[in-house]
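First comes the structure, then the notes that go with it.
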Amino acid sequence: MLIFYILLLFILIAAIIAVETKDLLSSVICIGAIGFGASIMFLFLRAPDIAMTQIVVEVLGLIILIRATIRRDLTFISGDREFFGTVVSVVIIFTIGLAGLTVFQSLQDFGNPIFANVPDAASQEYISQGLAKTGAENLVASIILDFRAYDTLGETTVLFTTIIGSLVILRREGRKTLEGPDQ
Amino acid sequence: MLYALCFLLFMIGLYSAVVKKNMVKIVIGIMIMEYAVNLFLIMLGYRLGGKAPIVGEEDIAGAGGQVSDLFLNTSVDPLPQALVLTTIVICLGSLALMISICIRVHEKYGTFDITEIRRLKG
Amino acid sequence: MKGMTIIVKTIAGWVKILIFMFGIYVVLFGDITPGGGFAGGVILASSYILLMLAFGRESVEKNLPQALALKLLCCGVLAFAAIAISGLFFGADGFFWNYIYQEWLAGKDVEFLKAGIIPLAELAIGLAVAASLFLVILNLSSFRSDISVDEKE
């Protein structure tokens with residue numbers, strides 16, 4: 001349990017640095033640190049496929065973010081801050097935080113999952129019947145591709161649409177006369 | 001207490017997405033919120049001293065692939081892991097979309113500041 | 001984007017094949033070990049992105065042009081939908097049923113396609129995810145905004 005506190009503290013410090021620093025490159029590197037800490041935390045939370053996916057996705061996300069922020073001449077933002085708008089936003093977020101903390105009283109303790117106390121939960125059937133009904137030894141793969149395959153179909157559609165949208169935004173007509181020398 | 005720290009991470013991301021004026025800082029705030037939600041979902045399904053939800057050779061008891069009772073009582077919840085697995089890849093796609101919008105806006109207006117973009121009219 | 005020095009190019013040329021093989025291993029063994037289609041697809045894409053960072057964008061685009069990557073993406077998504085619909089032709093009970101396991105393989109001890117429909121669907125998803133991530137980073141790196149264009153203002 002101590003390792004969870006240490007990792008969460010590391011993630012929180014990296015998040016505060018990422019939000020408050022003025023240099024964009026430092027924020028991007030702190031995002032990389034958050035993703036790395038989250039991946040190690042997934043390993044300790046007994047979720048190996050999530051840890052594997054998180055670390056490669058975080059590396060690719062770093063490459064995308066650095067592509068956007070490096071070589072742009074404006075990495076320092078200056079200007080006057082609106083005082084009133086900032087204070088109102090912080091007060092509203094604080095209220096949301098207090099309201100959220102009272103919800104956590106009704107959750108179970110950490111380390112006591114919900115499906116252990118409810119005998120007819122869905123996870124009970126997935127664990128006990130997963131190998132018999134699908135033949136896959138990785139229970140997570142049997143859930144995403146056999147018991148709950150519609151969610152995977154929706155995810156494939158969302159990913160496809162997002163990538164096509166990104167290609168449409170970045171398209172540029174008439175590029176062939178403007179290819180300058182590759183510097 | 002661990003849930004409260006995770007919620008604090010979500011609040012930090014929300015603060016950055018609402019208050020900041022730099023477009024890349026807004027994108028970073030949204031990414032921090034996504035990381036916090038994934039962490040929270042996996043923490044919900046954790047069992048103290050549990051095993052990963054992969055059936056090994058010693059967990060099969062009985063013919064036809066029935067798992068032993070020990071495995072049923074010590075494995076962590078596989079359902080939140082299945083939900084988060086697809087979410088992480090969608091986060092990467094949405095990050096690519098947001099960054100391509102930021103690059104386009106920077107090309108047209110020359111700045112990442114959202115207050116400047118509001119004032120200029122093309 | 002430009003390539004890097006000769007040391008980086010040599011090492012990247014040796015490492016890329018190992019990353020590609022590891023990606024295929026993670027996709028194929030998705031129902032036995034941790035991993036699956038999504039993680040394997042991202043690892044496959046990152047082997048090509050390593051090439052793009054080390055050799056420059058143009059040489060990778062000669063190797064795998066954008067049109068071919070778009071076709072692979074559409075093939076992956078179409079294969080996933082076809083696997084889902086094909087159950088209806090073989091007497092399954094509904095859409096997306098694991099008919100290969102339920103009808104033919106339940107209780108038997110085979111080595112190939114042990115989990116029925118799951119390895120085939122993992123292959124389709126791995127192909128789709130890898131092609132899509134390769135496409136988006138190829139387009140992000142080829143977007144030159146410091147060429148003075150006449151569409152500004």
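The values are calculated or read from the model by the stated rules, or taken from the named source; none is laboratory data. Here the structure is a predicted model, which means the values were calculated and not measured. Cβ coordinates were reconstructed from backbone atoms using ideal geometry, including for glycine residues, and neighbour counts include every protein chain displayed.
Spot the failing condition for B:Gly50; the list is (1) surrounded by fewer than 19 Cβ atoms within 10 Å (Cβ to Cβ); (2) within 7 Å of chain A (Cβ to nearest Cβ); (3) modelled with pLDDT of 85 or more, and only one is missed.
Among (1) surrounded by fewer than 19 Cβ atoms within 10 Å (Cβ to Cβ); (2) within 7 Å of chain A (Cβ to nearest Cβ); (3) modelled with pLDDT of 85 or more, the lone unmet condition for B:Gly50 is (3).
Anything in region B:67-76 that is of a type outside the set (D, E, K, R) and in a helix (DSSP H, G or I)? List them, or say none.
Of everything in region B:67-76, those that are of a type outside the set (D, E, K, R) and in a helix (DSSP H, G or I) turn out to be B:Leu70, B:Phe71, B:Leu72, B:Asn73, B:Thr74.
Quick check: is even one residue across region B:60-72 touching a His at 6+ places or on another chain (Cβ under 7 Å) and surrounded by 19 or more Cβ atoms within 10 Å (Cβ to Cβ)?
no
Looking at the structure I just gave you, is C:Ser59 over 16 Å from the mean Cα position of the chain (by Cα) and at pLDDT 80 or above? Full working, then the answer.
Numbers: over 16 Å from the mean Cα position of the chain (by Cα): yes; at pLDDT 80 or above: yes.
Yes, satisfied.
What are the residues in region B:18-29 that are surrounded by fewer than 18 Cβ atoms within 10 Å (Cβ to Cβ) and either hydrophobic (A, V, I, L, M, F, W, C) or farther than 20 Å from A:Val88 by Cβ (or both), if any? First the steps, then the outcome.
Going through region B:18-29, the residues surrounded by fewer than 18 Cβ atoms within 10 Å (Cβ to Cβ) turn out to be B:18, B:21.
Selection gives B:Val18 alone.
Scan A:Val28, A:Val56 and give me the residue that is touching a residue at least 40 places away in the same chain (Cβ under 8 Å) and under 25 Å from C:Ser46 (Cα atoms). Spell out the reasoning first.
Numbers: A:Val56 fails: touching a residue at least 40 places away in the same chain (Cβ under 8 Å).
Step by step, each of A:Val28, A:Val56 is checked, and only A:Val28 is touching a residue at least 40 places away in the same chain (Cβ under 8 Å) and under 25 Å from C:Ser46 (Cα atoms).
Mind checking which pairs have a first residue in region C:49-63 that is under 17 Å from C:Phe20 (Cβ atoms) and in contact (Cβ under 8 Å) with a residue 24 or more places away in the chain and a second that is among the basic types (Lys, Arg) and outside any helix (DSSP H, G or I), Cβ under 9 Å, 6 or more apart or different chains?
Going by the 9 Å Cβ cut-off, there are no qualifying pairs.
Of all residues in region B:77-122, count the ones that are buried (at least 23 other Cβ atoms within 10 Å of the Cβ), hydrophobic (A, V, I, L, M, F, W, C) and assigned to a loop (DSSP other than H, G, I, E, B).
1
Could you tell me whether region C:70-79 includes any residue that is out of contact with any strand residue (DSSP E or B) (no Cβ under 7 Å at 6 or more places or on another chain), more than 12 Å from chain A (Cβ to nearest Cβ), charged (D, E, K, R) and within 29 Å of A:Gly165 (Cβ to Cβ)?
Yes: region C:70-79 contains one or more residues that are out of contact with any strand residue (DSSP E or B) (no Cβ under 7 Å at 6 or more places or on another chain), more than 12 Å from chain A (Cβ to nearest Cβ), charged (D, E, K, R) and within 29 Å of A:Gly165 (Cβ to Cβ).
State yes or no: is C:Gly40 modelled with pLDDT under 90, under 20 Å from the mean Cα position of the chain (by Cα) and of a type outside the set (S, T, N, Q)?
Values: modelled with pLDDT under 90: no; under 20 Å from the mean Cα position of the chain (by Cα): yes; of a type outside the set (S, T, N, Q): yes.
No.
Criterion first (closer than 30 Å to C:Val136 by Cβ, crowded, with 18+ Cβ neighbours inside 10 Å and free of Cβ contacts under 8 Å to residues at least 40 places away in the same chain) does A:Leu131 satisfy it? Steps first, please.
Working: closer than 30 Å to C:Val136 by Cβ: no; crowded, with 18+ Cβ neighbours inside 10 Å: yes; free of Cβ contacts under 8 Å to residues at least 40 places away in the same chain: yes.
So A:Leu131 fails the test.
Please determine, by comparing only the residues of region A:30-58 that are more than 15 Å from the chain's Cα centre (by Cα) and part of a helix (DSSP H, G or I), which one is surrounded by the most Cβ atoms within 10 Å (Cβ to Cβ).
Looking at residues that are more than 15 Å from the chain's Cα centre (by Cα) and part of a helix (DSSP H, G or I), I get A:Pro48.
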